[in-house]
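The values are calculated or read from the model by the stated rules, or taken from the named source; none is laboratory data. Computed from a predicted model, the values in this text were never measured in an experiment. Here the Cβ is made from the backbone with ideal geometry for all residues, glycine too, and neighbour counts use every protein chain on show. Ligands, DNA and RNA are excluded from the accessible area calculation, which covers all protein heavy atoms including side chains. Shrake-Rupley method; radii C 1.70, N 1.55, O 1.52, S 1.80 Å.
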Amino acid sequence: MKQAKYGKVIAWGFVAVILFITLFPVAWMLKTAFSSNSDLFTHYSSIIPPHWTLNNFRRVLGIASLKENQAGGGSGASINFWVYLKNSLAFTATIVIFQVGFSVLAGYALARLKFSGRKGIFYLLMTGLLVPPMFSTIPNYGTIKSLHLLNTWPGLVAPFIFGTPFAVFYMRQFFLSFPKEIEEASELDGLSTMARIRRVVLPMSWPPIFTLSLIVGVTAWNEYLWPLIVGTNENMRVLTVGMGVFKAQNPSDAPDWGGLMASGTLTVIPVLIILILFGKKMVGSIQLTGSK
């Protein structure tokens, strides 16, 4: 019994350490977002803001006056938050619609349709999981540049819209567990393959499709490197890139940490809400598709 208690104490201690390591950067981000830049250097040892202020958020959202901007410390610079937010929403929505759509069709074909080389294609796709995304960045950039698609929406979303190995694998695993009897009955009724997918399979596949959409959406929302090197124009920047290039108007000034962390907090909020509302459903669906 004592060994079991000691084991629980060690386990909970380990969990506490992991939680601290995970949550401390979030707490520091919030502290910085609600503090003026001048307070950051005079009360840097405190995790609680000495003087709570919403001025950083007002500056980021573009609703602060010139006097409030100057009172924020540093340069008082602002960013085109609403432009970046609009671009991030469009970027994420486009990738979710196309990537999930193509992954559903590819997953169904690899799970149900019988054709020569099906297993070879699947294994080839799975090797893509072993390749770090960084390795494909340079060839993709060369292709987009040669097609003159830099600073365009097609160039921004092209590497993502045709699905990823994980997305195809995820939907294939689900369709392998889908009851064949239902499809056979619809086939006897005279439905073609596409008609079966549209009228029978898809209506019964919304839980995994919805979960995959959330996973793809969160990943696209946090994408940074590719939008950074392809969307260099101000009007093409997404929110993560806008935060990355956020700096003082005068390069000799110190970084505007308060504004940067305020924009970071606003960027995290949509993802956090989604994970709180649908996190349990996502985990359950992933366990279901991975059990086959």
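Mind counting the residues in region 138-160 that are of a type in the set (A, V, I, L, M) and over 17 Å from V238 (Cβ atoms)? Show your work before the answer.
Step one: filter region 138-160 for residues of a type in the set (A, V, I, L, M), giving 138, 144, 147, 149-150, 156-158.
The next check asks that each one be over 17 Å from V238 (Cβ atoms); those that pass are 138, 147.
Going through region 138-160 one residue at a time, the tally reaches 2.
Take V230 and decide whether it is buried (at least 19 other Cβ atoms within 10 Å of the Cβ) and modelled with pLDDT of 85 or more. Break it down into steps so the answer makes sense when it comes.
Working: buried (at least 19 other Cβ atoms within 10 Å of the Cβ): yes; modelled with pLDDT of 85 or more: yes.
Yes.
Which ones in region 6-53 are within 13 Å of W257 (Cβ to Cβ) and basic (K, R)?
K31
Going through region 131-168 one residue at a time, which ones are open to solvent by 30 Å² or more (accessible area, probe 1.4 Å), among the hydroxyl-bearing types (S, T, Y) and assigned to a helix (DSSP H, G or I)?
Selection gives S136, Y141, T143, S146.
Give T265, T240 a once-over and let me know the one that is open to solvent by less than 40 Å² (accessible area, probe 1.4 Å) and in contact with a Phe, Trp or Tyr (Cβ under 6 Å, 6 or more places away or on another chain).
Details: T265 fails: in contact with a Phe, Trp or Tyr (Cβ under 6 Å, 6 or more places away or on another chain).
Exactly one residue qualifies, and that residue is T240.
Starting from residues that are free of Cβ contacts under 8 Å to residues at least 60 places away in the same chain and aliphatic (A, V, I, L, M), keep the ones in region 192-221 and report whichever is surrounded by the fewest Cβ atoms within 10 Å (Cβ to Cβ).
In this case the residue turns out to be M194.
What's the number of the only condition in (1) closer than 15 Å to T265 by Cβ; (2) open to solvent by less than 100 Å² (accessible area, probe 1.4 Å); (3) modelled with pLDDT under 85 that A11 fails to meet?
(1)
Residues being without any contact (Cβ under 8 Å) to a residue 40 or more places away in the chain and either assigned to a helix (DSSP H, G or I) or open to solvent by 60 Å² or more (accessible area, probe 1.4 Å) (or both): count how many of those fall in region 94-130.
Within region 94-130, the first condition is being without any contact (Cβ under 8 Å) to a residue 40 or more places away in the chain, and the residues that meet it are 97, 101, 109, 114-121, 123-124, 127-128, 130.
Going one step further and asking which of them are either assigned to a helix (DSSP H, G or I) or open to solvent by 60 Å² or more (accessible area, probe 1.4 Å) (or both), we end up with 97, 101, 109, 114-116, 118-121, 123-124, 127-128, 130.
So the count comes out to 15.
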